[in-house]
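A short worksheet on the structure shown next.
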Amino acid sequence: MMNVPPDGPDFADDPAWEVHAGWAPPLPDAVDLVIETHTMISVFAAQQFVRIDAFHLEALANARLHGYELTQVIERSLRLELAAALAITEASADALVAQAEALVHRYPAALDSLAGARMTQRHASLLVEAIDGVEPELRPQLLPPAIALAESLPVGTFRRKLRTLIECVRSITLAERHEKALEARRVVVEPGEDGMAWLSALIPAVEASAIHGRLTATAKVLADRDNEARSLDQLRADVFGDLLIDGVTDLLPAGVRGIRPTVVVTVPALALLSPDGGCGGEPARVEGVGPIPIERARELCGAAVGWMRVLTHPETAMVLSVGRERYRPPPELRRLVRWRAERCMAPGCGVPASRCQIDHNVAWEHGGDTALENLAPFCQGHHTVKHHGRWRVEQIEGSGGAILWTSPTGRRYRVEPERSVPVFVPSSGEPPPF
């Protein structure tokens, strides 16, 4: 039996239709069916937002027509009816109304993307929440790249990339905002239950990260002692109290005296050279914290002990390898692999690289090198999936660290690292001897 194009002029006149004996369209597999449903959900979500906004506008118009001025009462009545009709809470109904108003009137391009199933409803909600929190004059600049990110990234990665995008755009005013925020620093005690209390401190993020890092490093040493039954959280809390109350480390075991905080600071090299800190919009960043003022970055990039300083150039990338000489990567290479990825390199995973295992993409026993182009961080769960879940995982040659995951059904998912690694070329022009 010969397959023919469907009836109708739109198909019969299409030169792309070629009829072949025995040809049949491929049948969708189980994942295709799930994707189809997922696509329909996005399309219907966009329609729901449009209709919720129309309902909102109609209710306000009717209120004005009948002379009602109690806008808050009308809004509450609207939320109540929407919540009752959809069997959701009034808080959820209020959120839907707010998102609908934002998408229809402020961000119609994002609504169009949702209607075309190029982003999901979760992407749209995160986009609205994030951009609404930015100064109005910056929103037109942020919207197009934010939509592009939403259309190309899974939710977890999109959330991080969107936060980074916003930080870059707002970096021009970061120093001024940081100085103003410093005025609010304080320490607060909040009573808890059963004789406990919360001690909270609002302090600069760099110092907070360093304090937590030192507490963790000290707690890990203590946890390795024989007969130590306390959890890592309990040890951190005990060390915190001992250091603040006693003010000295003499009471701690010798193995933890002298531990100092370590914080990774990434600073664009051009920002250090520019008098005004100009770096094409890319701010200095502290791992696990976020952007910091350039003057603070310059201070940290001095000769202070305990700071790992990584300078980046906007047009370069670096290869580092110990080949087959050793299986375990040296500490510098492990830090570089984690710094480049920042997160587990599985699709959509948000586990920090500092908590991940360094994996040889081509196994050592199969001839894989201990080299930057063959190493990537995976969390415990995804490391197990990589080895036992029938996935094929490879680092894409020349990509700067991108990982290609191929699923058991044959689908491919590309995961990009957070950063590019610089390449340093000797002045002679010869490639480095790695």
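Values in this text are rule-based calculations from the coordinates and carry no lab data. This is a predicted model, so every value here is computed, not measured. Neighbour counts are summed over all protein chains in view; Cβ atoms, including those assigned to glycine, are modelled from backbone coordinates with ideal geometry.
Summary table
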item: Calculated FRET value between V50 and I203, using beta carbons and R₀ = 45 Å, to 0.05; result: 0.50
item: Other-chain or far-sequence residues with amide H under 5 Å of A284's (modelled H); result: I292
item: Estimated inter-spin distance, A91 and M40, nm [label 7 Å along Cα→Cβ]; result: 3.2
item: Stretch gain in nm, segment A181-V73, where the contour uses 0.36 nm per residue and the Cα spacing is subtracted; result: 35.2 nm
item: Per-selection Rg to Rh, the range 331-415 - Cα, Kirkwood hydrodynamic radius; result: 0.93
item: Residues in the range 109-124 that a label on L57 would reach, taking backbone N under 19 Å of a point 7 Å out along Cα→Cβ; result: 109-115
item: Gain in span if fully extended, H105 to E129, counting 0.36 nm per residue against the direct Cα distance; result: 7.2 nm
item: Efficiency of FRET from Cβ geometry, T406 and I245, R₀ 51 Å, rounded to 0.05; result: 0.40
item: Förster radius 22 Å - calculated FRET efficiency between A363 and R334, Cβ distance, rounded to 0.05; result: 0.80
item: Gain upon complete extension [A98, E137; 0.36 nm per residue less C-alpha separation]; result: 12.0 nm
item: Rg/Rg_ref, the range 20-143, where Rg_ref = 2.2 N^0.38 Å and atoms are Cα; result: 1.37
item: Neighbour-limited loop hits for GluC sites (Glu not before Pro), the range 324-400 (at most 15 other Cβ within 10 Å; DSSP other than H, G, I, E, B); result: E325, E397
item: Sparse-neighbourhood loop sites, GluC sites (Glu not before Pro) in the range 185-248 - DSSP loop, at most 16 other Cβ within 10 angstrom; result: E193, E228
item: Under the Karplus curve 6.51 cos²θ - 1.76 cosθ + 1.60, θ = phi - 60°, whole-Hz ³J(HN,Hα) for the range 185-194, x wherever Gly or Pro sits; result: 5, 6, 10, 10, 10, 10, x, x, 10, 6
item: 5 angstrom amide H check on A376, placed H, neighbours 5+ away; result: D359, N361
item: Proxy reagent accessibility, fewest Cβ within 10 Å first, across E36, E137; result: E137, E36
